[in-house]
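Chemist: I'd like to ask you about the structure that follows.
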Amino acid sequence: MTATLDETTRTALEAAAFRRLVEHLRERTDVQNIDMMNLAGFCRNCLSRWYREAADAQGVALTDPDAREIVYGMPYKEWQAKFQKDASPEQKAAFAKAAPTPTAAPTPKPAPTPKPAPTH
């Protein structure tokens with residue numbers, strides 16, 4: 001069964017779910033970003049980037065550090081110092097395996113050769 005929600009209610013529910021997700025991630029400092037990336041394909045940094053992108057789309061100026069502080073509940077550097085652990089070789093290997101392969105940039109076309117000036 002699919003509930004039919006008006007736009008205002010749907011937005012309010014989505015906002016509440018987002019706030020709960022952020023609260024949960026703030027509580028679960030034991031969960032490392034690399035583990036989230038390896039298992040779910042996103043992490044706290046992704047969430048903060050999406051938040052900043054949404055702000056940009058609404059014409060709201062928000063820096064990456066400010067967006068990260070909203071998600072982390074403290075400045076990112078402080079969170080890293082308190083909670084981030086060095087990734088194990090296994091975590092790094094899983095991340096490398098799961099990471100999308102970057103698309104090769106197109107080879108630039110060579111600049112046209114200038115034609116010699118006509119002689120009169």
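The values are calculated or read from the model by the stated rules, or taken from the named source; none is laboratory data. Note that this is a predicted model, so its numbers are computed, not measured. Cβ placement follows ideal geometry from the backbone for every residue including glycine, while neighbour counts extend to all protein chains displayed. What goes into the accessible areas is simple: the full protein's heavy atoms, side chains included, and nothing from ligands, DNA or RNA. Shrake-Rupley method; radii C 1.70, N 1.55, O 1.52, S 1.80 Å.
Chemist: Filtering segment 1-29 down to residues that are assigned to a loop (DSSP other than H, G, I, E, B) and among the charged types (D, E, K, R), which residue is nearest to Phe83 (Cα to Cα)?
Modeler: Applying the filter and picking the extreme gives Arg28.
Chemist: Considering only residues that are open to solvent by less than 100 Å² (accessible area, probe 1.4 Å) and either acidic (Asp, Glu) or assigned to a helix (DSSP H, G or I) (or both), look in segment 96-120 and name the one that is modelled with the highest pLDDT. Give the derivation first.
Modeler: Step one: filter segment 96-120 for residues open to solvent by less than 100 Å² (accessible area, probe 1.4 Å), giving 96, 98-99, 104-105, 111, 117.
Restricting the remaining residues to those that are either acidic (Asp, Glu) or assigned to a helix (DSSP H, G or I) (or both) gives 96, 98.
On the way: Ala96: 92, Ala98: 84.
My answer is Ala96.
Chemist: Which residue is least open to solvent (accessible area, probe 1.4 Å), if the candidates are limited to segment 12-49 and must be basic (Lys, Arg) and closer than 16 Å to Met74 by Cβ?
Modeler: The extreme case among them is Arg44.
Chemist: Within segment 69-95, take every residue that is among the polar types (S, T, N, Q) and assigned to a loop (DSSP other than H, G, I, E, B) and give me the one that is surrounded by the fewest Cβ atoms within 10 Å (Cβ to Cβ).
Modeler: The extreme case among them is Ser88.
Chemist: Quick check: anything in segment 52-59 more than 14 Å from the chain's Cα centre (by Cα), at positive phi and either open to solvent by less than 80 Å² (accessible area, probe 1.4 Å) or of a type in the set (S, T, N, Q) (or both)?
Modeler: Yes, the conditions are met somewhere in segment 52-59.
Chemist: With respect to Asp66, is the statement that it is touching a residue at least 40 places away in the same chain (Cβ under 8 Å), open to solvent by less than 80 Å² (accessible area, probe 1.4 Å) and of a type in the set (Asp, Glu) true?
Modeler: On the way: touching a residue at least 40 places away in the same chain (Cβ under 8 Å): no; open to solvent by less than 80 Å² (accessible area, probe 1.4 Å): yes; of a type in the set (Asp, Glu): yes.
Criteria not met by Asp66.
Chemist: When both residues are 6+ apart or on different chains and their Cβ atoms are under 8 Å apart, which pairs have a first residue that lies in segment 15-43 and is at positive phi, and a second that is assigned to a helix (DSSP H, G or I) and surrounded by 11 or more Cβ atoms within 10 Å (Cβ to Cβ)?
Modeler: Hits for this filter: Gly41/Ala98.
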